[in-house]
Amino acid sequence: MFKLMRKRISLLKQFLPVMVKAKKYYFILSLCAVIGTALVYVNPEFYKLFINNIIIGKDIGLIPVVLGGYLLVYILSTGLGYIQFVVRNKFSNVSLFSLKCKILNSILHRPINSDKLNAGELKMRIEDDLGHLNLLIEDQTIDYVLSAIRIILSVVLLYLINVYLATYAIVIIPITILFENIVGKKKGKYNNIIRDNQQKTNSWLQKIIYGWRTVKSLNLQETKMQEYQKYLDVYCENNRKWMNLWVLSNRVFPRLKDEFLMKILLYFFGGLLIAHQGLSIGSLLVFITYYEMLRASINSFASKDSQLLESLPYLERLSEEYEASKLNNRTNKTKCHELPSNNDLDIRLNNVSFKYENTDSWLFKNFNLHIAKGDIIAFSGKSGIGKSTLVRLISGTELPNEGVVTLNGIDINDLSTKALYGNIGVVMQDSILFNTTINENLQYSQKASEQEIFEACRKACFLDDINDMPNGLNTDIGENGMMLSGGQKQRLVLARQLLRNSKVLVLDEATGSVDPYTETKIFEAIKKLASTHIIIIISHRPTPLTICNRFVNFDESGKISIS
């Protein structure tokens with residue numbers, strides 16, 4: 001229990017900045033909860049007055065007092081409930097939505113060479129895990145503390161009514177807390193398994209939906225259905241175990257404890273005390289009411305521990321993401337070097353060495369290269385020899401093990417994200433397109449006039465395709481451009497990059513799906529950019545290489561020659 005308390009405090013300290021942003025709403029929620037608790041304990045006193053003085057004592061003059069008290073408590077409780085509902089919604093908007101944006105912003109600003117999380121995992125961290133933070137901030141602070149206060153207050157009031165009944169009533173407290181802790185740990189274990197399985201299922205579904213044509217063409221429908229069934233089996237098995245524990249802790253144990261052990265025995269012993277020790281009927285009924293409050297408070301207090309144990313896997317992942325967001329923010333602030341907008345770019349690789357993890361062979365060792373404005377440089381060699389890796393080193397998506405890559409003499413690792421990726425544009429063979437219109441895809445990172453859009457599309461030989469489409473620029477292209485041919489997709493991506501007008505244009509098999517005639521026209525247009533740009537080309541086809549004035553050749557022995 002103390003270990004869990006330390007964990008609760010540690011998490012709350014970590015997310016304190018989130019709570020501070022919504023501190024006024026948090027204060028209102030706390031105040032409403034305190035007032036609501038006071039009203040709950042006032043109500044039984046009117047009940048006692050009604051039984052002892054009006055029913056038994058026949059003092060009808062107190063009826064207006066009792067009715068007025070009941071009515072006042074009801075109005076105040078209803079008003080507080082409404083205020084709490086409204087404020088809780090605002091509290092969530094201010095705290096959780098801002099944190100959601102912060103985490104997404106952190107993910108978008110991570111170094112591209114950092115460890116990648118799959119799409120299913122990222123989505124669950126942003127959407128599902130944050131729901132558990134709401135429970136932590138509100139339930140594990142306001143409700144948790146008030147549950148503890150209500151337990152103490154209820155015990156005191158019970159002892160003031162009758163010592164014997166109170167002693168019997170509180171014996172059940174440690175049993176309840178122990179039981180909820182044991183069950184909560186097991187529910188947390190199954191929750192973790194279910195969540196991990198869910199994120200794997202989401203990622204798997206995303207790949208299958210994107211690649212459904214490939215699945216069908218390879219006749220893999222039955223195989224994929226069997227894989228999906230395995231994910232469903234894992235979910236069903238662990239959800240069944242979790243549900244069994246839920247029924248045990250929320251249905252079976254409470255009924256055994258509250259309805260059998262406590263209520264029957266309370267009425268039995270209470271009747272004996274009325275008969276032999278002068279306990280009034282009103283006092284017994286109020287005692288039972290306060291006991292119900294004690295029971296509810298104990299269940300609430302114990303369930304908060306159980307709830308925290310269930311939520312820990314989610315909160316720990318969220319904690320990891322939150323710390324990463326703060327680290328990325330600090331890192332981005334240190335990478336503050338910018339490049340003057342009117343300067344020509346100069347790329348240098350100085351004694352660069354690189355090898356992938358878990359391999360002993362070096363792709364590059366003490367490699368040097370200088371690229372300046374006007375260079376149209378080709379990286380040539382067989383597949384898998386290191387051409388694309390060299391491009392990733394230049395664009396900062398991989399970092400060298402030794403040596404340094406610089407833009408205008410500045411280590412690219414010290415450049416701001418805007419300075420680096422605002423000046424380097426990369427077109428890959430499998431670049432991503434978005435499920436929206438051609439126009440929105442083109443202007444995804446660079447707003448432009450219609451004239452600028454048409455000019456970029458003309459250079460990419462995509463303008464005629466647009467004109468042939470009924471909706472022109474407003475044509476929807478489907479998920480990842482599925483409504484376009486392979487060549488059209490590549491030309492759309494190229495047009496988008498030309499629209500950005502980056503000073504360094506990297507084309508990695510960027511026209512592999514384009515017919516030779518169209519490819520020739522595209523590279524004639526690209527050649528005209530050389531006077532003001534750096535152009536880097538990777539291609540196994542001859543047409544792109546004809547415009548190059550420099551070559552970096554990778555031979556099969558791993559040697560690199562520059563000509």
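The values are calculated or read from the model by the stated rules, or taken from the named source; none is laboratory data. Predicted model, so just to flag it, every value in this text is computed and none were measured. As a convention, Cβ positions derive from the backbone with ideal geometry for all residues, glycine included, and neighbour counts pool all protein chains shown.
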Checklist entry - Among the residues of region 77-94, is any among the basic types (Lys, Arg), within 33 Å of the chain's Cα centre (by Cα) and at pLDDT below 85? => result yes
Checklist entry - Restricting to region 206-231, what's the tally of residues that are touching a residue at least 24 places away in the same chain (Cβ under 8 Å) and either more than 24 Å from Met482 (Cα to Cα) or surrounded by 11 or more Cβ atoms within 10 Å (Cβ to Cβ) (or both)? => result 4
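Suppose the filter is farther than 30 Å from Leu279 by Cα, free of Cβ contacts under 8 Å to residues at least 40 places away in the same chain and under 40 Å from the mean Cα position of the chain (by Cα); does Leu16 pass it?
Values: farther than 30 Å from Leu279 by Cα: yes; free of Cβ contacts under 8 Å to residues at least 40 places away in the same chain: yes; under 40 Å from the mean Cα position of the chain (by Cα): yes.
Against the criterion (farther than 30 Å from Leu279 by Cα, free of Cβ contacts under 8 Å to residues at least 40 places away in the same chain and under 40 Å from the mean Cα position of the chain (by Cα)), Leu16 qualifies.
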Checklist entry - Within region 351-415, which strands (runs of 3 or more DSSP E) (wholly inside it) include 2 or more residues that are in contact with a strand residue (DSSP E or B) (Cβ under 9 Å, 6 or more places away or on another chain) and under 17 Å from Glu556 (Cβ atoms)? => result 364-372, 376-380
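Answer yes if at least one residue in region 177-187 is surrounded by 15 or more Cβ atoms within 10 Å (Cβ to Cβ) and without any contact (Cβ under 8 Å) to a residue 12 or more places away in the chain, and no otherwise.
No - not one qualifying residue is present in region 177-187.
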Checklist entry - Would a scan of region 199-216 turn up a residue that is touching a Phe, Trp or Tyr at 6+ places or on another chain (Cβ under 8 Å), in the same structural domain as Lys123 (by TED's automatic domain parsing), part of a helix (DSSP H, G or I) and of a type outside the set (A, V, I, L, M, F, W, C)? => result yes
Checklist outcome for this item: Of those in region 56-74 that are surrounded by 12 or more Cβ atoms within 10 Å (Cβ to Cβ) and of a type in the set (A, V, I, L, M, F, W, C), the residue nearest to Ile274 (Cα to Cα) is Ile56
Next on the checklist: Condition (residue is in the same structural domain as Cys457 (by TED's automatic domain parsing), of a type in the set (D, E, K, R) and touching a residue at least 60 places away in the same chain (Cβ under 8 Å)) applied to region 505-518: is it met by at least one residue?
Outcome noted: yes
Checklist entry - Taking the stated definitions as given, is Leu136 assigned by TED's automatic domain parsing to the domain that holds Gln206, crowded, with 20+ Cβ neighbours inside 10 Å, in contact with a helix residue (DSSP H, G or I) (Cβ under 9 Å, 6 or more places away or on another chain) and not small (Gly, Ala, Ser)? => result yes
Checklist entry - On the given criteria, is Ile35 under 16 Å from Asn134 (Cα atoms) and surrounded by fewer than 18 Cβ atoms within 10 Å (Cβ to Cβ)? => result no
